[in-house]
1. Please state which of the following conditions A:Ser256 fails to meet, knowing it meets all the rest: (1) within 20 Å of A:Pro240 (Cα to Cα); (2) under 15 Å from the mean Cα position of the chain (by Cα); (3) of a type in the set (Ser, Thr, Tyr).
2. Applying the selection to the range C:19-32, what residues are open to solvent by 40 Å² or more (accessible area, probe 1.4 Å), over 19 Å from B:Phe15 (Cα atoms) and not in a helix (DSSP H, G or I)?
3. How many residues are more than 7 Å from every other protein chain (Cβ to nearest Cβ) and either among the hydrophobic types (A, V, I, L, M, F, W, C) or surrounded by 15 or more Cβ atoms within 10 Å (Cβ to Cβ) (or both) when one looks only at the range C:98-123?
4. If you go through the range A:99-127, how many residues are out of contact with any Phe, Trp or Tyr (no Cβ under 9 Å at 6 or more places or on another chain) and closer than 20 Å to A:Ala345 by Cα?
5. If I go through the range A:70-88 residue by residue, how many of them are of a type outside the set (Ser, Thr, Tyr) and assigned to a helix (DSSP H, G or I)?
6. If you take the residues of the range B:56-93 that are part of a loop (DSSP other than H, G, I, E, B) and more than 7 Å from chain C (Cβ to nearest Cβ), which of them is least open to solvent (accessible area, probe 1.4 Å)?
7. Quick check: is even one residue across the range C:76-97 within 29 Å of B:Thr57 (Cα to Cα), open to solvent by 10 Å² or more (accessible area, probe 1.4 Å) and within 7 Å of another protein chain (Cβ to nearest Cβ)?
Amino acid sequence: MMEYIWLVPAFPLLGVIINGLFGRTYIRERAHYVAVPAAGLSFIVALLISRQVFAGQTLDVSLYPWVVSGDFEVPFGFLVDPLSTVMMLTVTFVGLLIHIYSIGYMHDDPGYPRFFAYLNLFMFSMLMLILANNYLLMFLGWEGVGLCSYLLIGFWYEKKTATDAGNKAFIVNRVGDAGFLLGLFLIWTTFGTLQYGEVFHQAEGLHGVLTAPAGGGLSVVTWITLALFIGAIGKSAQLPLYVWLPDAMEGPTPVSALIHAATMVTAGIYMVARSSPLYTLAPFSLAVVAWVGALTAIFAATIACVQNDIKRVIAYSTISQLGYMFLGVGVGAFASGIFHLYTHAAFKALLFLGAGAVIHALHHEQDIQRMGGLRPHMRVTAYTFAVGALANAGIFPFAGFWSKDEILFAAFNGGFYVLWFLGLAGAFLTGFYMARLYFLTFEGEYRGDPHHAHDIHDAPPTMGIPLIVLAVCSVVAGFVGIPPEQGPFHQFLAPVLHHGGAAQAAAHGLAVPMAVLSLLVAGAGIGVGYLFYVSVSWRNVPEIWAARLQGLYRVVYHKYYVDELFWAIFGDGFLGLSRFTSQVDEKVVDGAVNGTAAVTLGLSTGSDWGDMNIVDGLVNKIADVIQGGSRRLRLIQTGVVQNYILAIAIGIFLIAGVYIIL
Amino acid sequence: MIPVSYYLVLGAVLFGIGMFGVLTRRNAIAILMAVELMLNAVNVNFIAFSRYLPNSTLDGQVFAIFVIAVAAAEAAVGLAIVLGLYRNFHTVNVDEINLMKW
Amino acid sequence: MQAVFFFVVAAFTVATALLVVTRPNIVHSAVALIFSFCGVAGIYVLLDAEFLGAVQVLIYVGGITILLLFAIMLTTRIATRVDVFNEQMGLSALIAGGITAILVYASLTGIQIAGEAPAPVETTPALGRLLMTTHVLPFELISILLLAAMVGAIILARREKE
């Protein structure tokens, strides 16, 4: 059975080809008859194969040499081991449910076949990313999911905000991808291969070489892992490259659920976990991962507390939860990070799909201030959403409790007390914003457009069934992780994931008190949320607090002005730089020298001539050069292709010249 | 038999001439011609290596055939684009077509 | 003898290639391109690649240049005098010359081929066999590419009917 692993990505690819070629003209509103079976068959094959993996088999097969050029040889091959199996099952299962959900959500959209073609293409790319047995093939999938993300965010391409959001996602991800590529180059030059098996095998033998200081006081393996982590930051929306994910909510809601919550954004965590043999050799990189994760977790959680768009709240929550996953892998608890990834896929997809059902029912209203009191009208959505919210907040016994608590415990156990505290504070905020989201949406009184008040309807079966299935998963998915760190899930992953040494000597006596503590903290968050948004006597408290802490509130509400900062640096900055260089020379340098010249003039008229012509002339010359330079800098964006080609040629010339001379 | 480097130098010179054309000509069709010259330069290298490398398996010549086929496709599409440009802009001078300018 | 033939053909090819990129009249360029392609075909024959030489003449001389000439006639007003080169000519010449110099230098010093070149053999049958066995997948792919290019060119060049 295992040799049929290629069927798993092949079915979605077939769906892409059929829907892509014939969707618009022939298949049209019947597109789901192609796409849903494609996803379903993929899931069934994945299930059959996973049975063998559960029985202890693994497979590392190279089907054919894909890229061969001199010494450089990369095969096209698949790796099936516990880690990829977990990911494969998660992706195919959630993917299938979201395909079904989309039948209901997208039913009257003119781009129906196109939507399913993109969705299948995403499934194909994501499965290639997961199942690849080398870094280059993983990069193929990595770029593929990025492309699908771009296509699906901008799916409603008549909307300017949607296309802008798509561009933003693509460009921000490009920054991360550059890091990933550098990591690939470094792996190639260090190991001479890109296949996981060989890289990790060699990594053990080359221990001394890899950890010796190389450049900038850091070892080779540290550079490799840092470069790879830059890729993960972009893809998994961590500080400071998270800005694209909230905007990505412009896409259709099933897309947000599938790509921007359950699967694609977790690719970064998967990649770090997959490279765990390298990361364990680089403690510095692991510390960076953990810190970025913890800071992102709390940073995004604060923003989530004040947003009013239902999807954006969940988006910031996703960023925050991804931060927890990185915190987990960063403190060496790789299995816990993957465990949280897997439970998060269930409950976050559920939350997004629930939000989608609400938006669908309210005729595309997304502002939670204009919702409220929806529970009697849409019971299925409300109850499943509540389950998702509780799981996200980490309440016993829902799935999120087991995984998040485990990450916090691992951080505490490893002696990372600051990180642990950040995570705990984040847990409080998580409880608060989840409570706020649920109560404002489903409880209280309806505050929206009274015209729509009467035709609020619950989700149709195609949307309701996935919600119920995911709700069940959000309850039971955590049980495979009991007892913490020792559960079946961890034992299954144990052969693949290197365990960071520290957490191993677990002081198990602390486990239960710690769990109770984090439970109390999350419960407190929910309690505050209840008081603020439901209880009558506290009704005005949020406004009062927002007014009292007006400055802080405004900063957080505007997402800490990070978008504006980026624009100031990279947008205006480029223009400003050229303006600035000429200004500096005209005013500051010139002014200073003119001042000096004036003083000198007073002291001695004899040297006046020298100053005017030599010193001043020199500085004026510099000013001229830089002014001319900035004028040319501005002209870089000419729009004439040949200028760009010339720039490329100059680059080739310089690089080749340096290569020849050295 | 003359040394292989003669052919490589010929390829290099042709490539440079083609690159000069691509960088400087204003007429889009002339640029396409220059691109064809560059492709020819590459093919000369391929075939020279295919002839001179010991134990060569003719892979170089096969590759050259593929390059020629791709060049044909490129010329067809490129010229169609040039026709489209001419219809819309009434010029084929690439520096007058700057819709991408910001 | 071979060397003399090589130098004659190579000089002819380079000279005509120079004409291609420098002639102000684009039709002259196209005609020079024909001769340059023929020169390259001569080089192929010199390298015992007769089949490639024939293909070169058939596709480049017979196909692509004719296509180019058609495009020229459909678009350019040959009589009108315009600037042939854009304003970045000086720098371009420098860079192109520099890259050429690097390539020439590398060709002359960097390439050492260990072992003797094999004796000339009849390449055409072997080539056919390779295309149908080892390289059959790229061969089929390239036919799809050509088909797609053909369809694409027709769609691009066709007038919108309105």
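1. With respect to (1) within 20 Å of A:Pro240 (Cα to Cα); (2) under 15 Å from the mean Cα position of the chain (by Cα); (3) of a type in the set (Ser, Thr, Tyr), A:Ser256 is out only on (1).
2. Scanning the range C:19-32 gives a single hit, C:Pro24.
3. 4
4. 8
5. Counting residues in the range A:70-88 that are of a type outside the set (Ser, Thr, Tyr) and assigned to a helix (DSSP H, G or I) gives 5.
6. This residue is B:Thr91.
7. Checked the range C:76-97: no residue is within 29 Å of B:Thr57 (Cα to Cα), open to solvent by 10 Å² or more (accessible area, probe 1.4 Å) and within 7 Å of another protein chain (Cβ to nearest Cβ).
Listed here are the residues, each with its yes/no results for (1) free of Cβ contacts under 8 Å to residues at least 12 places away in the same chain; (2) more than 30 Å from A:Val61 (Cα to Cα); (3) more than 21 Å from the chain's Cα centre (by Cα); (4) open to solvent by 10 Å² or more (accessible area, probe 1.4 Å).
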position	(1), (2), (3), (4)
A:Val94	no, no, no, no
A:Ile100	no, yes, yes, yes
A:Gly104	no, yes, yes, no
A:Phe122	no, no, no, no
A:Leu131	no, no, no, no
A:Leu137	no, no, no, no
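The values are calculated or read from the model by the stated rules, or taken from the named source; none is laboratory data. Computed from a predicted structure; not experimentally measured. In this analysis, Cβ positions are derived from the backbone assuming ideal geometry, glycine residues included, and neighbour counts consider all displayed protein chains. For accessibility, only protein heavy atoms count, side chains too; no ligands or nucleic acids. Shrake-Rupley method; radii C 1.70, N 1.55, O 1.52, S 1.80 Å.
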